[in-house]
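As structure tokens, the structure follows; a few thoughts come after it.
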Amino acid sequence: MYRTLSLKVGNWLAAAGRTGHFLTDTARSVRDVPTWAGLTVAQMRRIGVDSVPIALFIAIFTGIVLSLQASYTFTGAVPLYFVGTLVGKTVMLELGPVLTGLALAGRVGANIAAELGTMRVTEQIDALETLAYDPLSYLVVPRVLAAAIMFPIVVSLAILVGIISGWLTAISLLDLSTVEFVRGLKLFYQFKDIWFGLVKSFSFGVVIALIGCFKGLSVRGGAAGVGRATTEAVVASAMAILVLDAFWAVVLL
Amino acid sequence: MIEFKEVYKSFGDRQVLRGFSLSVQDGETVVILGYSGSGKSVALKHVVGLLEPDAGEVIVDGEVVHQLDREGLTRLRAKIGFVFQFAALLDSMTVRENLELGLKRRGLSRAEIDERIKEALELVDLEDVEDRYPAELSGGMRKRVGIARAIALRPRYILYDEPTTGLDPVTSAVIDRLIVRAREKLNVTGLVVTHDLRSAYTVADRIALLYQGRIRQVGSVESIRNSHDPVVRQFIEGRPEALADVEQAAGGVR
């Protein structure tokens with residue numbers, strides 16, 4: 001019992017140490033600008049631009065459902081223009097960033113972990129090192145920067161499309177005019193609603209990319225190891241998003 | 001000069017290197033022979049700092065590899081070309097981009113890079129594959145590109161990790177010829193790990209047999225061929241006796 005516990009504590013401490021090393025080494029690698037500068041734009045396209053369709057798909061249906069559920073909840077009790085308020089606030093503060101983040105944890109986190117994991121087991125990362133490249137500067141920094149830049153942009157688009165789909169649903173399926181919807185949308189609007197969502201999505205981007213890179217670079221044991229790392233990256237990213245979501249709510253709201 | 005001094009390396013409770021010592025003089029090609037899983041590749045990876053010894057040291061040109069900082073390690077790696085067992089070409093890049101990678105790092109001009117790529121691909125008899133991706137090449141071609149990538153850097157040392165493993169005899173002979181050609185034309189010091197005896201006899205100035213984590217015997221090709229050591233004889237004659245030892249080695253780490 002004592003032995004098992006001490007082994008587990010030892011493993012946790014070792015994992016914490018490896019994570020700490022990875023984070024400090026990655027931060028140090030940011031200084032190696034010539035290596036990552038040219039690679040970041042390509043990653044912005046892969047991580048950001050290629051994620052737009054899935055983000056917009058989620059946003060469209062979120063807007064539709066929010067609009068209909070708000071109408072169902074408010075009918076007879078609250079003026080219907082509050083549908084605009086609920087759609088706007090919910091999409092900007094919560095569902096836009098979090099649902100997009102969770103979807104991108106799957107798409108981006110899994111992609112990064114699988115790619116880097118495969119590179120690890122096929123010795124491509126060793127090859128980079130022997131060619132005098134630091135894998136953190138070459139592989140990790142461009143991905144983390146690209147995610148940090150592109151996640152807020154993708155989430156902004158998702159928020160915009162979510163609100164538009166909520167509005168289109170309201171004017172086509174509910175007894176609500178555009179003027180009323182916009183009135184509700186403006187009702188409790190603060191500029192903070194926007195930047196709060198963007199701060200969250202920035203943090204989601206950084207964390208998803210870091211977890212994907214860490215899991216990918218830590219792969220051991222061939223194809224099975226790559227599969228395991230990919231799953232772990234997605235699960236850990238999803239959990240991190242939910243924890244960060246609560247953290248920002250406590251700190252900023 | 002590359003020197004292994006009493007190197008010990010374990011992975012978990014499996015001891016792979018147990019007091020491994022060997023010197024490689026400038027200009028020579030030394031082949032480390034040994035069973036699959038005996039730790040040959042592990043030894044090789046210590047030279048470029050991909051692995052750190054548990055005890056002992058690897059010294060390259062007077063510098064202890066595992067004591068170098070990041071800048072020192074980068075400087076050391078700039079002197080060494082590494083040919084990986086499965087070539088380890090970056091599969092998202094064309095052959096040309098793979099060769100460019102190390103050259104760009106050295107800050108060469110566009111013209112110099114083009115010249116080096118042309119020269120290296122000519123040396124491995126692959127002039128028309130520049131725009132192909134690794135997945136479009138055969139195993140032998142990938143290995144030749146791997147050699148070209150190392151040669152293009154004009155390194156002081158080239159380390160070959162199982163360069164002929166998995167290749168047919170003719171392609172293996174082509175690779176052996178390339179290793180000899182690289183030494184003759186570029187005067188590089190070579191360290192080759194293999195279990196392919198024919199390849200070892202062709203490319204080596206000296207052969208070292210790695211057995212149970214340390215060098216069992218080292219000497220010229222002739223001295224190894226004529227060795228009376230039973231372990232060496234067993235290996236070069238390919239006799240399956242003493243199977244327990246062989247299985248123990250095969251259970252080791254590559």
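Quick notes on this one:
- Of A:Lys215/B:Lys104; B:Lys5/B:Lys104; B:Lys118/B:Lys143; A:Lys8/B:Lys45; B:Lys79/B:Lys185; A:Lys215/B:Lys79, those spanning more than 25 Å from alpha-carbon to alpha-carbon: A:Lys215/B:Lys104; B:Lys5/B:Lys104; A:Lys8/B:Lys45; A:Lys215/B:Lys79
- Shielding score for A:130-141, defined as the mean number of other chain Cβ atoms within 10 Å: 5
- Where only C-alpha atoms are counted, convex hull volume of the protein assembly as shown per residue in Å³: 191
- In the protein assembly as shown, helices alone account for a calculated mean residue ellipticity at 222 nm of -19500 deg cm²/dmol, with every DSSP H run of four or more residues adding -39,500 (n - 2.57).
- For chain A, the equivalent ellipsoid derived from the Cα gyration tensor has semi-axes of 41, 20, 15 Å, listed largest first.
- Highest to lowest packing among A:71-79, A:164-172, scored as the average C-beta count within 10 Å: A:164-172, A:71-79
- Residues B:Lys104, B:Lys143, ranked from the fewest to the most other C-beta atoms within 10 Å, line up as B:Lys104, B:Lys143.
- Counting only DSSP beta bridges whose two residues both lie in the protein assembly as shown, roughly 55 percent are antiparallel.
- Rel. contact order, % - alpha carbon contacts under 8 angstrom, at least six apart, chain B: 29
- Residues listed by number, the stretch A:95-113, amide nitrogen under 18 Å from A:Val251 label point at 7 Å toward C-beta: A:97-98, A:101
- Given +1 at the Cβ of Lys and Arg, -1 at the Cβ of Asp and Glu and no other charges, the dipole of the stretch A:35-252 around its Cα centre is 160 debye to the nearest 20.
- Contact order relative to length of chain A, as percent, for alpha carbon pairs under 8 angstrom and 6 or more apart: 32
- Shielding by partners, peptide A:117-125 (average Cβ within 10 angstrom, other chains): 4
- For residues of B:79-87, the mean tally of beta carbons on other chains within 10 Å: 3
- Ordering of A:102-114, A:28-40 by packing is A:102-114, A:28-40, highest average first (other Cβ atoms within 10 Å, averaged per residue).
- Overall Cα dimensions of chain B - principal axes, largest extent first, Å: 55, 42, 32
- The stretch A:115-164 and the stretch A:10-30 have Cα centres separated by 18 Å.
- Shape category assigned to the stretch B:88-154 from the gyration tensor of Cα positions, a/c cut at 1.5: prolate
- Within straight-line reach of A:Lys200, meaning a Cα separation under 21 Å, sit the following lysines at least 8 residues removed in sequence or on another chain: A:Lys89, A:Lys192.
- Simple Cβ-charge dipole of the protein assembly as shown, Lys/Arg +1 and Asp/Glu -1, about Cα centre, in debye nearest 20: 860
- Net dipole in debye of the stretch B:88-154 [+1 Lys, Arg Cβ; -1 Asp, Glu Cβ; about Cα centre; nearest 20]: 400
- When DSSP beta bridges are restricted to pairs lying wholly in chain B, around 55% turn out antiparallel.
Every number in this text was worked out from the coordinates using simple rules, so none of it is lab data. Since this is a predicted model, take the numbers as computed values, not measurements. Ideal geometry is used to build each Cβ from the backbone, glycine not excepted, and the neighbour counts take in all protein chains shown.
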